[in-house]
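Each remark here refers to the structure printed beneath this line.
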Amino acid sequence: MAFSSLSTPSSSSPSSSFTLPTKPSPGAGSLSFSKASTGRFRMAAVRAEAVDTSISPRVSALRPSKTMAITDMASALRQAGVPVIGLAAGEPDFDTPAVIAEAGINAIRDGSTRYTPNAGTMELRKAICNKLQEENGLTYSPDQVLVSNGAKQCITQAVLAVCSPGDEVLIPAPFWVSYPEMARLAGATPVILPTSISDNFLLKPESLASVITEKSRLLILCSPSNPTGSVYPKELLEEIAAIVKKYPRLLVLSDEIYEHIIYHPAKHTSFAALPGMYDRTLTVNGFSKAFAMTGWRLGYLAAPKHFVSACGKIQSQYTSGASSISQKAGLAALNLGYAGGEAVSTMVKAFQERRDYLVRSFRELPGVKISEPQGAFYLFLDFSSYYGSEVEGFGTIKDSETLCMFLLEKAQVALVPGDAFGDDKGVRISYAAALSTLQSAMEKIKDAMSLLKAPAAVQ
C-alpha cells in the first residue's frame, strides 16, 4: 500500500495571497511583511541563522519499538480497508472486569480526580504490600513501594536510578524489546545472553557466570516471559541467585507483570523471595496484563527503600504520581481476591485454550520449532528453516523481518519478527485475541506458508 505525501497549496493559485518557496534556501528562517501600494501584504523570506536541530546522542541511539511499529502499520492498513488480523500487540482482548471499571467510574463521580502523593495513595500502597506478603512471601512497607504510570515507567526509572555510564545490563534473549533501549538511555551497555529453544529459552547459570564483570550492574529477568512465555522454575532461579550472590555490585530487576497468567503445573517464584536476594532485587509488577487494564496505565515497584526513594525522585520530576482514577481501580483489582480471583482465572483459562489450539496447529506445519509456553500469552516460534525460500512475486525470505512482511502481505496477519527480541530465528505471536480470530489467522498463515518451498530439515 502506498501512502500519499502531504503537499502545500500551489503557489500559482489565483486565490493565494502568499508565496511559499518550494525549496527554501539554507538559512531561510523568519518571515517579514511589507505593505505594497495595493495595501496587501507580501511575504518575504528573511535570512537567519540556521536552527540547530540536533538530537541528544543518547536519544538518537534509541531504536523505536518494532512491536509498536507493526501494530501501527496493521491499524493503518485496517483503516484503509485491508482486513489485517493483528497478533502483534501484547494486550488482552478482554474488557476490564466490571467491578474494577466501576471503581474508576465512582472515583470520577466522587471527586477523586486530584493529584495523589508522588509515590501513590497510601491505601493502594498498603494493598500492594498485602498482596506481596500473601501471594509472594515478600514483606514490604508502603515507603518501599512506588506506584507509577505503568510497569514500563517503573522499569525505566529503576534502570536510570541504579545504572551509570559504562555499567553493563545483563539481558537474556529473547527479551522484551524495551530492555536494551532502557539500558542505553541510562548510558549503560546492554549485554545480551542468548538462550536456546531446546532449553525453553531459560538462562543457563553457566552462561550468566561467563559474562559477569566488574562493570555488571543489573540482571533483568522476566518470568513469565515476554516474548517466549517461559517460566523460570524455583530450582533454576536458586542457581542463578547463587551466582548473583558472589557479586556485591550486581542487582536484579525482576519483571513479574505476567505473574498471574500462568498454566499448570508451572508456578511463579518471586526472585526477591530467594535467600539473600531481597536486598538486591527490584520487583516490578502492575495491572495491565492480568486485569486487562492496559489503558489505565498503572504499575508498581517494590524494593529496598533507598532504591525506591531514588526512583521516586525521578518520577517527581518526570510525571509525578499516577492517575488518581486508575489508583482507585487498581485498589478494586487487588480486592478481587488471591491472584485476582475468578475474574482473572476465567481469562487465564481462555488464554490456555488459545495456547493449546495454536501449539497443535503449528505442530502441523513442517519445519517449525516450538517451545510450549508456560505463561503469558505469546508463542515464540522458530521459522528459520524457511529462510532462503523464494516466493514468486515477493522475493526471498531472508530473516524474521522478511517472513513477517511476507505474512502481512500474503496472509494479512501481523506478527512481530524475532530480531526485535534479540533472536532472528523466531517470530512472536500474541494469542491475546478471540479463539475465532486465531483460527482465521491460522488458516491464512497455513495458506501463505504453502507458497514457500519445502523447508530445510530441522536439526
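Below is a table of values for the structure above.
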quantity	calculated
Tally of residues being closer than 18 Å to Gly299 by Cβ and open to solvent by 20 Å² or more (accessible area, probe 1.4 Å) across segment 100-130	11
Lone qualifier among Leu236, Leu185, Leu138 - being surrounded by fewer than 23 Cβ atoms within 10 Å (Cβ to Cβ), within 29 Å of Ser56 (Cβ to Cβ) and among the aliphatic types (A, V, I, L, M)	Leu185
Filter pass, Lys453 being more than 30 Å from Ala332 (Cα to Cα), open to solvent by 10 Å² or more (accessible area, probe 1.4 Å) and touching a Leu at 6+ places or on another chain (Cβ under 8 Å)	no
Within segment 260-371, helices (runs of 4 or more DSSP H) holding 1 or more residues that are closer than 30 Å to Ala434 by Cβ	324-334, 341-362
Filter result (farther than 30 Å from Ala88 by Cα and either part of a loop (DSSP other than H, G, I, E, B) or at pLDDT below 95 (or both)) within segment 220-251	Lys245, Lys246, Tyr247, Pro248, Arg249, Leu250
Test for Gln153: is it open to solvent by 10 Å² or more (accessible area, probe 1.4 Å) and free of Cβ contacts under 8 Å to residues at least 12 places away in the same chain	no
Those residues of segment 424-440 which are out of contact with any helix residue (DSSP H, G or I) (no Cβ under 8 Å at 6 or more places or on another chain) and in a loop (DSSP other than H, G, I, E, B), in sequence order	Ala434
Test: residue in segment 281-295 that is crowded, with 17+ Cβ neighbours inside 10 Å, charged (D, E, K, R) and over 20 Å from Asp143 (Cα atoms)	yes
Residues (free of Cβ contacts under 8 Å to residues at least 60 places away in the same chain and open to solvent by less than 30 Å² (accessible area, probe 1.4 Å)) located in segment 270-280	Phe271, Leu274, Met277
Scope segment 421-444; condition surrounded by fewer than 24 Cβ atoms within 10 Å (Cβ to Cβ) and more than 21 Å from Lys349 (Cα to Cα); matching residues	Gly422, Asp424, Lys425, Glu443, Lys444
Residue selected from segment 385-410 under the condition free of Cβ contacts under 8 Å to residues at least 60 places away in the same chain and open to solvent by less than 10 Å² (accessible area, probe 1.4 Å), by the criterion nearest to Lys66 (Cα to Cα)	Ser400
Filter result for Pro366 (modelled with pLDDT under 95 and either in the same structural domain as Asn200 (by the TED database) or over 24 Å from Ser112 (Cα atoms) (or both))	yes
Pick from segment 65-81, criterion of a type in the set (A, V, I, L, M) and open to solvent by less than 40 Å² (accessible area, probe 1.4 Å), ranking: modelled with the lowest pLDDT	Ile70
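The values are calculated or read from the model by the stated rules, or taken from the named source; none is laboratory data. In this text, all values refer to a predicted model and were calculated from it rather than measured experimentally. Counting neighbours? That spans all protein chains shown, and the Cβs are built from the backbone with ideal geometry, glycine included. Note: areas computed on protein heavy atoms with side chains; ligands, DNA, RNA excluded. Shrake-Rupley method; radii C 1.70, N 1.55, O 1.52, S 1.80 Å.
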